[in-house]
Amino acid sequence: MRRPALLSLLALALAAPLSACGDDGDRDPRAEATPRTTGVEADAEPASAAVLDHTLPLLDGTEQDLGRYLGRVVLVVNTASECGFAPQFGGLESLHRERGGEGLVVLGFPADDVAGQEPRSDDEIAEFCKANFGVSFPMFSKSNVVSDPVNPLFAELAAELGEPSYNFNKYLIDRRGRPVERFDQSTEPDDPELTAAIEAQLEG
C-alpha cells in the first residue's frame, strides 16, 4: 500500500473514537440547566423542635399539640393566681392581643410547686384569669415546673435556659422552636428589654 493511502487509513481510525465521545456542541443543554440538589434546603424549616414536641392539656382538659406553634414566636410563662406578680396577667394579655397579629403567642402554665401560690383548681384558675384580667391566651392545666413529675416542656426549657426562679418567669422561643432567652419575674410584660427581644424574633 502506498504511504498516502496508509496515512489516510490511520487518520480515519483515530477520528472514529473521538467522534464517538462527542464534543461540547453535542451536550444536552437541559442537563446543564438542571441544578444539582443535596437533599436539604439551606433555609428549610425543621419539621419539629424538641421543646415544642409535646401534647399537653389546657385548663378545660382539651389536649393541645405544641407543635402547632412552630412558625410563631412563643412566650411561655409559669403563673400563679395568688402571687404578688399576678397583675402581670394583664400585661401578658395586652402583649398577646397587640402582637398576636405579628406572630406572637403567649402560653400560660399555672404551677403551685414554685412558691405554693396556686391552690386553685383548673376551673377556678380559668374563672379567675377571665374575670380579673380578661385572659384569652392559651392557659394550660396546672402542673409542676420545678419538681417531679415536672412538666416536659419545662424540663426542656430548664435544660436550655435554667428552671424558673419564681412565678412569672418568661421563656422566649423563636419561630423554629428554639429557646432564646429567659426573663425572671421582675421583668414586666412591657419591659423595654423584653419588648426588644420579642421584636427581634418577630422580625427575624
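Among the residues of the range 118-138, those that are under 28 Å from the mean Cα position of the chain (by Cα) and either assigned to a helix (DSSP H, G or I) or surrounded by 18 or more Cβ atoms within 10 Å (Cβ to Cβ) (or both) comprise D122, I125, A126, C129, K130, F133, V135, F137, P138. The set of residues from the range 139-153 being in a helix (DSSP H, G or I) and buried (at least 22 other Cβ atoms within 10 Å of the Cβ) comprises just one member, L153. Close contacts from the range 191-202, counting a first residue that is of a type outside the set (S, T, Y) and a second that is modelled with pLDDT of 95 or more and assigned to a helix (DSSP H, G or I), with Cβ to Cβ under 6 Å and a gap of 6+ residues or different chains, come to L202/E102. Going by the conditions given, is S136 of a type in the set (S, T, N, Q) and under 16 Å from V76 (Cα atoms)? Yes; evaluated as a whole, the condition is true for this residue. Within the range 160-189, the residues that satisfy the criterion of being touching a helix residue (DSSP H, G or I) at 6+ places or on another chain (Cβ under 9 Å), without any contact (Cβ under 8 Å) to a residue 60 or more places away in the chain and either in a loop (DSSP other than H, G, I, E, B) or more than 18 Å from V106 (Cα to Cα) (or both) are E163, T187.
Taking the criterion of being surrounded by fewer than 18 Cβ atoms within 10 Å (Cβ to Cβ) and within 22 Å of D60 (Cβ to Cβ), would at least one residue in the range 93-113 satisfy it? Yes, there is a match, as at least one residue in the range 93-113 is surrounded by fewer than 18 Cβ atoms within 10 Å (Cβ to Cβ) and within 22 Å of D60 (Cβ to Cβ). Of the residues making up the range 181-197, those that are of a type in the set (A, V, I, L, M) and surrounded by 13 or more Cβ atoms within 10 Å (Cβ to Cβ) are L194, A197. Please determine whether any residue of the range 65-77 is modelled with pLDDT of 95 or more, over 29 Å from A196 (Cβ atoms) and touching a strand residue (DSSP E or B) at 6+ places or on another chain (Cβ under 9 Å). Scanning the range 65-77, I find at least one residue that is modelled with pLDDT of 95 or more, over 29 Å from A196 (Cβ atoms) and touching a strand residue (DSSP E or B) at 6+ places or on another chain (Cβ under 9 Å), so the answer is yes.
The values are calculated or read from the model by the stated rules, or taken from the named source; none is laboratory data. Please read these numbers as outputs of a predicted model, since none were measured by experiment. Cβ coordinates were reconstructed from backbone atoms using ideal geometry, including for glycine residues, and neighbour counts include every protein chain displayed.
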